[in-house]
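Single-structure report; data block below.
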């Protein structure tokens, strides 16, 4: 994939770039930190894993039921106890409307804040392939476009130097260069922690230019105590391409169509 340049970024409408602050509805969520001991102490709480079957079989929370989100409302037996909806971790915008509908229909429903990723970070028990855990730390460009607006989320560009495209497409991002020696990395993380301590349980959305090298960063962030961290698939390049496509879809149909001139050597149709 060719790098998404600053010149390309200049073609993206400002409406698609800006961050529209959105506050997460506190009454709809429960943290992994508070939920894990309640489940381990035998409290009657039903965990509903709404991911697809293959993801559930690969790795899931013990005792969680695998039910597609659109079928949950048909399971009347779930009204007998509190239930928590679980997904990969960063699709609150997808679950919130369904959770509100369930609550209106008599279900005591909430969403696991941070999903499987938060459960993993808080050392909650899991069954399956541990190597799949890194997958729950990824966020697609489409989900990033929505989730960047959440006031609990801090977007961090960990590139050594921010590219022009990063500056233009993510003007709200904090620059957190994590290159260099381990000591410099620790110092940068500690400085960042002090600067953002007021955000408490904030979720980090980590980006770099092309999405490479995230795995080497995850250990450092984990050791520094950042429990909810997600990494943008494909980095700034992929996000730029996504916004480019979104921008094109906003244009009138005539502007999206390319007219090819008739070849001069081709005969006229009779």
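Derivation of every value follows stated rules applied to the coordinates shown; laboratory data play no part. All values derive from a computational prediction rather than experimental measurement. FYI the Cβ positions are ideal-geometry reconstructions off the backbone, even for glycines, and counts take in every protein chain you see.
Some notes on this structure:
- Surface/4 of the Cα convex hull for region 26-135, nm²: 6.3
- Highest average packing first - 115-128, 13-26, 98-111, Cβ atoms within 10 Å: 115-128, 98-111, 13-26
- Cα-based helix-to-principal-axis angle, 182-195 vs the chain, degrees rounded to 10: 80
- Rg/Rh (Cα only; Kirkwood hydrodynamic radius) as it applies to the chain: 1.06
- Only helices enter this figure: runs of n ≥ 4 DSSP H residues, each worth -39500 (n - 2.57), summed and divided by the residues of the chain, yield -10500 deg cm²/dmol at 222 nm to the nearest 500.
- Pairs of Cα atoms nearer than 8 Å and 6+ residues apart set the relative contact order; for region 95-230 it is 26 percent.
- Mean separation of Cα contacts under 8 Å, 6 or more apart, over the residue count of region 26-135: relative contact order %: 37
- In percent, rounded to a whole number, the relative contact order of the chain is 22, using alpha-carbon pairs under 8 Å and six or more apart.
- Acute angle (nearest 10 degrees) that the helix 214-223 long axis makes with the longest principal axis of the chain, alpha-carbon atoms: 30
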